[in-house]
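Engineer: Before I ask anything, let me first share the structure, which is written out below as structure tokens.
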Amino acid sequence: MKKITQFLLVIFAISSFILTACSGNDNNATQSPTGNTSASPTGTWELNSYGSPTSLVAAAVDVETSIDFAADGTLAGNVGCNGFGGDYTVDGDKIVFGQIISTLMFCEGPVGEQEAITLAVFAESAPFTIDGDTMTITSADGSSVVVLARK
């Protein structure tokens, strides 16, 4: 079982690397049919904070995080424990997430908490804003947010 888990992690890591390498980051905005420019999540981000909108928790210290929103509508990342990936589309001021698939390693403590909240926010349709190099994604019910910083 341990070898299968390790094998899956290696395959996922390689896939994430390939997606990141192929995605590029030529443009951080999308052009709408009316000619207005709106912010795009395309690019690589790191977890800055998460939690209740009124009481954010800083991301776990000394834990490398990375979330890549590729231009082709796929995303891949790791916020401290498991690798994950899936697809997304942007619909106005919302990111509509497809099914997110992740490895299934047990995570506890702050790393487990930040992963659980992040993946819960990355469900269904989530409002988002981008202000400079900061993206805030809010859960559909408004109870949780994830704040990302552009890498």
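Engineer: So which residues in the stretch 61-70 are buried (at least 18 other Cβ atoms within 10 Å of the Cβ) and part of a loop (DSSP other than H, G, I, E, B)?
Structural biologist: Thr65, Ala70
Engineer: Quick one: is Gly85 more than 20 Å from Gly43 (Cα to Cα) and outside any loop (DSSP other than H, G, I, E, B)?
Structural biologist: When the stated conditions are applied, Gly85 does not pass them.
Engineer: Quick check on my filter: what residues within the stretch 71-125 are among the aromatic types (Phe, Trp, Tyr) and either surrounded by 15 or more Cβ atoms within 10 Å (Cβ to Cβ) or touching a strand residue (DSSP E or B) at 6+ places or on another chain (Cβ under 6 Å) (or both)?
Structural biologist: The answer is Phe84, Tyr88, Phe97, Phe122.
Engineer: When the stretch 105-151 is examined, which residues are found to be in a loop (DSSP other than H, G, I, E, B), touching a helix residue (DSSP H, G or I) at 6+ places or on another chain (Cβ under 8 Å) and touching a residue at least 60 places away in the same chain (Cβ under 8 Å)?
Structural biologist: Met105, Ser144
Coordinate-derived values only; no laboratory data. Please read these numbers as outputs of a predicted model, since none were measured by experiment. Every residue, glycine among them, receives a Cβ derived from its backbone with ideal geometry; neighbour counts consider all protein chains shown.
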